[in-house]
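To start, the structure itself, in structure tokens.
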Amino acid sequence: MNYEDIVGQQKLVESLRKSIADATFPHAIMLIGKPGYGILSIALAASKHLLCRNPVKYGACGECLSCHQMSKLIHPDFHVAFPVVKKAGRTRKETVSADFLPEWRDVVLNNPYTGLNTWLRKISTTSSKGDINVAECNRIVQEMNLKSYSGGRKIQVIWMAEHLGKNGNKLLKLIEEPPENTHLILLAEDADSILRTIQSRCQIIRVPRLDDEDLKSYLVSSRGIDIQRSSEIANIADGDLEKALQYSEVSRDATNAAALQWLSVARKGEAVSIRDWVDQFDSYNLEEQKIILEALLKILRSTLHARYGLPSKQMSEPRGMGNKGIHSVLRSSGIDQVTEMVSIVEEALMLLERNVHGKILLFNASLRLHRILEGRLTDKMTQ
């Protein structure tokens with residue numbers, strides 16, 4: 001991963017690049033942001049720059065042995081820790097990141113914007129959450145206190161550091177007083193789940209969402225997606241490249257159609273129709289299911305913006321479904337009702353990401369949506 005491979009984030013990247021060139025890069029740094037914002041891409045590019053034997057003005061040379069090793073994530077002085085689950089043939093207490101390192105390299109080299117759920121599905125068929133255990137923390141301390149293999153810097157990246165939990169206490173001394181030429185780069189989406197004592201010992205950098213124009217440019221130039229479709233994807237992805245890549249692989253019309261069909265089925269409240277829709281929903285893979293719910297959220301939020309008279313990006317109109325009746329329901333729904341619907345869909349999306357059973361989840365959510373929509377029809381409440 002080179003600086004030029006990072007999507008957007010030019011200001012932040014330039015700041016980090018300059019700090020490395022000026023020898024002021026922190027010994028302990030924490031990048032906070034969603035995986036789709038590029039936190040891992042930034043960490044990998046900075047690590048390559050730090051380890052390069054012949055750095056040039058704009059970063060790593062790309063030609064030395066260290067750069068070639070980093071391009072495959074096999075540099076002996078580059079270490080990484082990440083959430084894992086029990087490895088077959090080992091106990092969970094024994095299992096560490098090294099047991100899944102080949103799989104992690106494969107996933108990250110293919111897509112450094114990959115998130116935790118995608119990673120865990122790669123290594124587990126269960127709903128295990130994954131964490132960074134005590135054995136991993138002990139390994140980190142031992143590795144970082146050994147001499148550098150190449151005689152230069154040593155780097156420890158901790159991906160999804162919020163999954164350290166209280167085990168992070170093992171790292172406090174290392175983070176506060178790291179050996180010379182040692183850098184710890186912690187990456188996290190949820191900073192509130194990281195011990196305050198760890199946060200206070202790191203330089204905190206909050207990585208912002210990607211600009212829509214940067215997303216669109218990447219989708220057009222690197223993925224060959226037409227400008228109109230790229231604009232639609234950027235609209236719904238909310239600055240998250242991981243989401244954008246997922247959306248790019250799913251049919252726009254099928255996604256919007258399934259989202260709006262859910263409202264139609266929920267409004268009628270017929271158990272058989274809800275069951276049929278839930279069965280259809282269950283036939284999609286998890287990423288497609290998430291995209292359907294995200295699409296409906298976008299529609300509902302756009303409706304709320306319109307109620308409050310705020311500017312709102314417009315969703316593309318699904319074709320071939322005859323959705324005028326559904327849109328009519330949304331146009332005449334009150335603010336409170338649409339807000340309740342947003343909450344229901346947000347909750348469903350959150351639980352889906354936590355591997356809650358999709359059929360039970362969506363059937364229950366459908367009944368709750370029906371009660372809201374039925375209340376509107378009964379009370380004729382408008383805003």
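Subtracting the Cα-Cα distance of Glu177 and Lys72 from their residue separation scaled by 0.36 nm leaves 34.8 nm. For region 1-145, the convex hull drawn through the C-alpha positions has a volume of 120 cubic angstrom per residue. Most simply put, the chain has about 10% antiparallel DSSP beta bridges, counting only bridges with both residues inside it.
If DNA, RNA and ligands are ignored and the probe is 1.4 Å, what is the ranking of His27, His183 by accessible area, most exposed first?
Sorted descending by solvent-accessible area, the residues read His27, His183.
Under a 5 Å amide H cut-off, with hydrogens placed 1.01 Å from N, Ile204 pairs with Met30 among residues at least 5 apart or on other chains. From the P(r) of region 29-102, can you give the percent of Cα pairs sitting at distances over 19 Å? Counting pairs separated by more than 19 Å, the tail of P(r) holds 49 percent. Cross-link partners for Lys154 among the aspartates and glutamates, with Cα-Cα distance under 20 Å and sequence neighbours closer than 8 places in the same chain left out: Asp22, Glu63, Asp77, Glu136, Glu143, Glu176, Glu177, Glu180. Protein heavy-atom accessible surface, 1.4 Å probe, per residue over the chain: 48 Å². Give me the log10 of I(q) over I(0) for the chain at q = 0.10 Å⁻¹, as the Debye formula computes it from C-alpha points; what are the numbers? Cα-only, vacuum Debye calculation for the chain: -0.73.
A full extension of the chain between Glu94 and Arg275 corresponds to an added length of 60.8 nm, given 0.36 nm per residue minus the alpha carbon distance.
For Gln203 and Asp22 in the same chain, what is the full-extension length gain: residue separation times 0.36 nm, less their Cα-Cα distance, in nm?
Answer, rounded to one decimal: 63.5 nm.
Near Val157, the amide H atoms lying under 5 Å from its own belong to His79, Val80, Ala81, Ile185; only residues 5 or more places off or on other chains count, and H is placed 1.01 Å from N. On a 22 Å Cα-Cα criterion, which of the cross-link pairs Lys11/Lys34; Lys87/Lys359; Lys129/Lys166; Lys11/Lys57; Lys86/Lys147; Lys86/Lys359 come out too long? Where the Cα-Cα span goes over 22 Å, the pairs concerned are Lys87/Lys359; Lys86/Lys147; Lys86/Lys359. Free of any trypsin sites (Lys or Arg not before Pro) that DSSP assigns to a loop and that have at most 14 other C-beta atoms within 10 Å, the longest stretch within the chain is 148-312. Measuring spread by the Cα atoms of region 64-194 yields a radius of gyration and Dmax of 14.6, 42 Å. Can you pull the percent of region 196-285's accessible area that's carbon plus sulfur, 1.4 Å probe, other chains left in place? So the carbon and sulfur contribution to the accessible surface is 45 percent. Find me the longest stretch of the chain that has none of the exposed chymotrypsin sites (Phe, Trp or Tyr not before Pro), where exposed means in a DSSP loop (not H, G, I, E or B) with at most 13 other Cβ atoms within 10 Å. The answer is 150-307.
The values are calculated or read from the model by the stated rules, or taken from the named source; none is laboratory data. If you're wondering where the values come from, they're calculated on a predicted model, not measured in any experiment. As a convention, Cβ positions derive from the backbone with ideal geometry for all residues, glycine included, and neighbour counts pool all protein chains shown. Calculation scope for accessible area: heavy atoms of the full protein, side chains included, ligands and nucleic acids excluded. Shrake-Rupley method; radii C 1.70, N 1.55, O 1.52, S 1.80 Å.
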